[in-house]
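Below is one structure, written out as structure tokens; the observations come after it.
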Amino acid sequence: MIMKSFFGCFPSVSIAGTGWQRGCGAVRKRRMAGIFLYSLLGVFLAGTRGWAIGSDANTLLLLHFENTANGAADETPASSSAVAYASGVTGQALLLKDTAQLEYPVAGNFDPTRGSLEFWIKPSWAGDDNLGHTVLRHGVAGGVLVLKDGVNNLRVIFNRFAANGQPEVGVAYSIGAWTANSWHHVAFTWGDGALSLFTDGVARASAVIGALPAVPESTFQIGADGTNNYATAVLDELRISSRPRTAAEVAQGYAEDIPGVTSISVTPSSATIWATWRTTPTVQAVTGVGTITVPPALVSWVNPAPAVVQVDGQGRLVGLAKGKGALTAQFRGQTVPFALTVRAPVRPPEELAIPTELATPRANAIYDMPVVILSYLPTADGVNLDTTETGGEAELTKVAAAKAKIATMNRQVKFSLSEGSRFRGYKNPSARPSLGYRVVKNIVVYEPLPPGKSDGGSATFADYHQILTRFGADRWVMAGNVKEVWLWGYHTASIVPAESNMSSPTTGDISNSYRFNDDLPVYDRTYVLYNYNYGRSQNEAVHNHGHQLEAILSHVCQLQDGNDGLFWNSFCGRSNGAFQAGRCGNTHFPPNATADYDYSRTAPVLSDCEDWRPDNSGQKKSVSARTWGSLTYAWPVVPAGRTEAQYYVYWMQNMPGFQNGIRSGDEVMRDWWEFTADWDGAIRKSAGLHKQPK
């Protein structure tokens, strides 16, 4: 193995079987004298030290910290005091104690509008110390800050303090589990419409962003925020680049620095999956910087059964056909076995005929709303539901019964959502629906839901990305303009449904559930997946849509006003963080409620919901469960829990819809349903709920 020289570089070396090419590159601006001598010394020391991250044409500043703060291309600090050096991941590293001050010129070294920052850090503090520790600062108001914050998140902030009337932009990831004096690799990438955070070679958080502002300050600081929030840590192998590095580049940069891999292990040691499923065993390596988790893309697999399982470009194992595979994981010359069994369903996926009622949108609807329905009904014999998977909720045990119940609930959900978009349709028979739902595809899958991301506890969400990719959702969304996917599944101790899950190239995930920007495929337009539970009723399915409305409308309010008061306070009735009776209510609280889910409360309250105006000047009338429960809606099948079902429709019908005419000062409310029907267009045209788009 060849180590970096004292000058911070090493000769070009190809690493067999990896495709890696390490070297100084043509952009390095340093003296060549002595390179050969020092590189030979690197060879001599290779047994105890790791590789050093390399430079390429996109590298702006590379700091190896080999007993100097100078860059690998002879860049010098603008100022330096009280800095010291300690043992690093590779050779020496920068020791930042309190009072250490280190600044570099921005010109040629850092671009706050587009780039990447990668570094190793060994903090002297635990991740749950509730204190701030700054790694990089560029400017103050309007500037950039990279830090561990006081609530134990690793965080990057752009446009700090929301300068110039624009919001802060950032991402964060909890590192409360970090222990003191342990090495971790950290990376941030920004620009080209995205902002991402990585730790130990794995993407942890991301956001869709617009253009980032330039920062006028001519220097940036490493290790403190001025004279506050000192890093008090050891930093090594810090690289700043002129463009966002890819996830693969970040993972490779992490792996290149890891010294002394002596063994690897895999958890679990075996797994059983279904054909089309994918699994990613956790591979850990014992190294010179402790036990680390190897990014899946960097694990090589010996696969003697390619007809049963394949390894994709991200290092995941994908089941192809029924059978067994005895695989071997490899990393840095170390190996470990892994046994994989692939199962096949007793029935292949079935595409159902779509009844005219579901295929036809509501007459005179303003917006077209194509929908795809997917239902997962695990079965071992094609007749009985596998209740070990579904939990057997509500005594639903037969495949045929589950299909019949889902078919009925699809009709009820479609009616609820279309009817709910008719502005005050309960008293205006001629009100046009804004949303014209129509089902374009209905697929039943006779398998369990594939497990995906952790819910933060012992359960997982379904692998929505894998499900949609399997069935070609790119064609549904980009060619068919599908706006929603209704996924019927189940809720057990091991798998939980995401109530709503948005994929958007415009804003990222603005949904009610956990906002992971990578758990759904991102296409050229926005769509939302709703994960229903067929063990319950259509009420819970529509309830999910109510929460999605709350998520997107409050987000638009934030864009419009810098707060969510128009929706949550003025429309719903929130005051001082608590619900107050007398406005329009929300998904959990009708206008007269005193507790969550109080849909059947008959005690009346005066409310302006049927003449709602933001300034609370509308006419008030007495409303209660009798108000919405006694309405005559043209249900295709009258739902169980009719009062609750009709509350959701009534509540949605009070939202400003088509030709609502509701004024807010000098402006008129737009049709709020546009944000459900055309999120991308509505956001681009205008960020306001009370601003008519031009």
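Would you check if there is a residue in the stretch 177-198 being of a type in the set (D, E, K, R) and surrounded by 18 or more Cβ atoms within 10 Å (Cβ to Cβ)? Break it down stepwise before answering.
Residues of the stretch 177-198 of a type in the set (D, E, K, R): 192.
Of the ones still in play, those that are also surrounded by 18 or more Cβ atoms within 10 Å (Cβ to Cβ) are none.
No, that holds for no residue.
Go through 54, 71 for me and flag whichever is modelled with pLDDT of 95 or more, crowded, with 22+ Cβ neighbours inside 10 Å and of a type outside the set (D, E, K, R).
Among 54, 71, only 71 is modelled with pLDDT of 95 or more, crowded, with 22+ Cβ neighbours inside 10 Å and of a type outside the set (D, E, K, R).
Go through (1) part of a loop (DSSP other than H, G, I, E, B); (2) more than 21 Å from residue 280 (Cβ to Cβ); (3) open to solvent by 30 Å² or more (accessible area, probe 1.4 Å) for residue 456 and report which single condition fails.
Going through (1) part of a loop (DSSP other than H, G, I, E, B); (2) more than 21 Å from residue 280 (Cβ to Cβ); (3) open to solvent by 30 Å² or more (accessible area, probe 1.4 Å) one by one, residue 456 breaks only (2).
Tell me yes or no: at least one residue of the stretch 339-356 is open to solvent by less than 50 Å² (accessible area, probe 1.4 Å), among the acidic types (Asp, Glu) and at negative phi.
no
Run down 437, 490 and say which single residue is at pLDDT 95 or above, of a type in the set (Ser, Thr, Tyr), touching a Pro at 6+ places or on another chain (Cβ under 9 Å) and under 23 Å from residue 676 (Cβ atoms).
Unique residue meeting the criteria: 437.
Residue 455: charged (D, E, K, R) and over 30 Å from residue 395 (Cα atoms), yes or no?
For residue 455, the condition - charged (D, E, K, R) and over 30 Å from residue 395 (Cα atoms) - is not met.
I need the full set of residues from the stretch 362-389 which are part of a loop (DSSP other than H, G, I, E, B) and more than 32 Å from the chain's Cα centre (by Cα), in order please.
Passing the criteria: 362, 363, 364, 365, 380, 381, 382, 383.
Does residue 568 satisfy the criteria of being open to solvent by less than 30 Å² (accessible area, probe 1.4 Å), under 29 Å from residue 685 (Cβ atoms) and aromatic (Phe, Trp, Tyr)?
no
Restricting to the stretch 565-608, and then to whatever is assigned to a strand (DSSP E or B) and of a type outside the set (A, V, I, L, M, F, W, C), can you tell me which residue is modelled with the highest pLDDT?
607
May I ask you to list the residues in the stretch 518-534 that are in a loop (DSSP other than H, G, I, E, B) and surrounded by 20 or more Cβ atoms within 10 Å (Cβ to Cβ)? Steps first, please.
In the first step, residues of the stretch 518-534 are kept if they are in a loop (DSSP other than H, G, I, E, B); the result is 518-526, 534.
Across the stretch 518-534, the qualifying residues are 519, 520, 526, 534.
For residue 633, work out the one condition from (1) open to solvent by 50 Å² or more (accessible area, probe 1.4 Å); (2) under 19 Å from residue 546 (Cα atoms); (3) of a type outside the set (D, E, K, R) it doesn't fulfil.
Result: residue 633 fails condition (1) only.
Could you look through the stretch 276-328, keep only residues that are small (Gly, Ala, Ser) and part of a loop (DSSP other than H, G, I, E, B), and pick out the one that is surrounded by the fewest Cβ atoms within 10 Å (Cβ to Cβ)?
Checking each candidate, the answer is 313.
If you go through the stretch 631-666 one residue at a time, how many are part of a loop (DSSP other than H, G, I, E, B), touching a Ser or Thr at 6+ places or on another chain (Cβ under 7 Å) and farther than 19 Å from residue 534 by Cα?
2
Condition check: under 19 Å from residue 417 (Cα atoms), in contact (Cβ under 8 Å) with a residue 40 or more places away in the chain and among the β-branched types (Val, Ile, Thr). Does residue 638 satisfy that?
Considered against the rule, which asks whether it is under 19 Å from residue 417 (Cα atoms), in contact (Cβ under 8 Å) with a residue 40 or more places away in the chain and among the β-branched types (Val, Ile, Thr), residue 638 comes out as no.
Check 611, 615 and return the single one that is surrounded by fewer than 20 Cβ atoms within 10 Å (Cβ to Cβ), charged (D, E, K, R) and at pLDDT below 95.
On the way: 611 fails: at pLDDT below 95.
Only one candidate qualifies: 615.
Of the residues that sit in the stretch 78-90 and are out of contact with any Ser or Thr (no Cβ under 9 Å at 6 or more places or on another chain) and open to solvent by 10 Å² or more (accessible area, probe 1.4 Å), which one is farthest from residue 237 (Cα to Cα)? Quick ask: steps written out before the conclusion?
Just the residues of the stretch 78-90 that are out of contact with any Ser or Thr (no Cβ under 9 Å at 6 or more places or on another chain), to begin with: 80, 83-84, 86-90.
When the remaining residues are screened for being open to solvent by 10 Å² or more (accessible area, probe 1.4 Å), the result is 80, 83-84, 86-88.
Values: 80: 18, 83: 16, 84: 15, 86: 13, 87: 12, 88: 9 Å.
Checking each candidate, the answer is 80.
I'd like to know if the stretch 152-171 contains one or more residues that are open to solvent by 40 Å² or more (accessible area, probe 1.4 Å), farther than 20 Å from residue 61 by Cβ and of a type in the set (Phe, Trp, Tyr).
yes
Check whether at least one residue in the stretch 643-652 is more than 15 Å from residue 584 (Cα to Cα) and free of Cβ contacts under 8 Å to residues at least 12 places away in the same chain, and report yes or no.
No: zero hits.
Of 537, 554, which residue is surrounded by fewer than 24 Cβ atoms within 10 Å (Cβ to Cβ) and touching a Gly at 6+ places or on another chain (Cβ under 8 Å)? Spell out how you get there, then give the answer.
Details: 554 fails: touching a Gly at 6+ places or on another chain (Cβ under 8 Å).
It is 537.
Please count how many residues of the stretch 217-245 are closer than 20 Å to residue 112 by Cβ and either without any contact (Cβ under 8 Å) to a residue 40 or more places away in the chain or outside any loop (DSSP other than H, G, I, E, B) (or both).
Result for the stretch 217-245: 10.
What is the number of the single condition among (1) under 21 Å from residue 491 (Cβ atoms); (2) of a type in the set (Asp, Glu); (3) modelled with pLDDT of 95 or more that residue 395 does not meet?
(3)
Can residue 264 be described as at pLDDT 95 or above and farther than 27 Å from residue 318 by Cβ?
no
The values are calculated or read from the model by the stated rules, or taken from the named source; none is laboratory data. Predicted model, so just to flag it, every value in this text is computed and none were measured. No Cβ is skipped: glycine too gets one built from the backbone with ideal geometry, and neighbour counts run over all protein chains shown. Areas reflect the complete protein model, heavy atoms only, side chains present, ligands, DNA and RNA absent. Shrake-Rupley method; radii C 1.70, N 1.55, O 1.52, S 1.80 Å.
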